[in-house]
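Asker: I have a structure here, written as structure tokens, and I will follow up with some questions on it.
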Amino acid sequence: MAERTVRSPLPGTFFRRPSPEAEPFVKEGDAVATGDVIGLVEVMKTYYELKADQDGIADRFLIEDAAPVDAGDDVLALRDA
């Protein structure tokens, strides 16, 4: 079975937290529902919410916090609940 992932719709910088001192939106092992914010993508000083497009359990992040991301890159691997 192919791995289920959440992909970035935009190129930019991926952030797992709303601010440096805040907790991550999602941690590995958390349940994720369609529409949940899993991170932010910053493009030219504008932040866009990256939302899950399917339900599952956050297995692992495939992009490091504050790392560059391209449109279509897999950001979060999901497993079945």
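The values are calculated or read from the model by the stated rules, or taken from the named source; none is laboratory data. Keep in mind that what you see is a predicted model, and the values were worked out from it rather than measured. With ideal geometry, Cβ positions are generated from the backbone for all residues, glycine too; neighbour counts draw on all protein chains shown.
Asker: Among the candidates 49, 42, 28, which residue alone is farther than 14 Å from residue 3 by Cβ, among the acidic types (Asp, Glu), at pLDDT 95 or above and in contact with an Asp or Glu (Cβ under 8 Å, 6 or more places away or on another chain)?
Answerer: From the options 49, 42, 28, the qualifying one is 28.
Asker: Go through the residues of the stretch 17-29 one by one and say whether even a single one is surrounded by 13 or more Cβ atoms within 10 Å (Cβ to Cβ), under 9 Å from the mean Cα position of the chain (by Cα), assigned to a strand (DSSP E or B) and not acidic (Asp, Glu).
Answerer: no
Asker: Also: Looking at 67, 2 in this structure, which one is at pLDDT below 95 and small (Gly, Ala, Ser)?
Answerer: After ruling out the rest, the residue left standing is 2.
Asker: Out of the residues in the stretch 5-16 that are part of a loop (DSSP other than H, G, I, E, B) and touching an Asp or Glu at 6+ places or on another chain (Cβ under 8 Å), state the one that is nearest to residue 57 (Cα to Cα).
Answerer: The residue in question is 16.
Asker: I want to confirm something. Restricting to the stretch 70-81 and keeping residues that are in contact with a strand residue (DSSP E or B) (Cβ under 7 Å, 6 or more places away or on another chain) and at pLDDT 95 or above, which single residue is surrounded by the most Cβ atoms within 10 Å (Cβ to Cβ)?
Answerer: The selected residue is 76.
Asker: Here's something else I'd like to know. What pairs come out if I take residues in the stretch 51-69 that are farther than 12 Å from residue 16 by Cα and charged (D, E, K, R) and pair them with residues that are modelled with pLDDT under 95 and surrounded by 15 or more Cβ atoms within 10 Å (Cβ to Cβ) whose C-beta lies under 9 Å away, six or more apart or interchain?
Answerer: Short answer, once both residue conditions are applied: 59/4.
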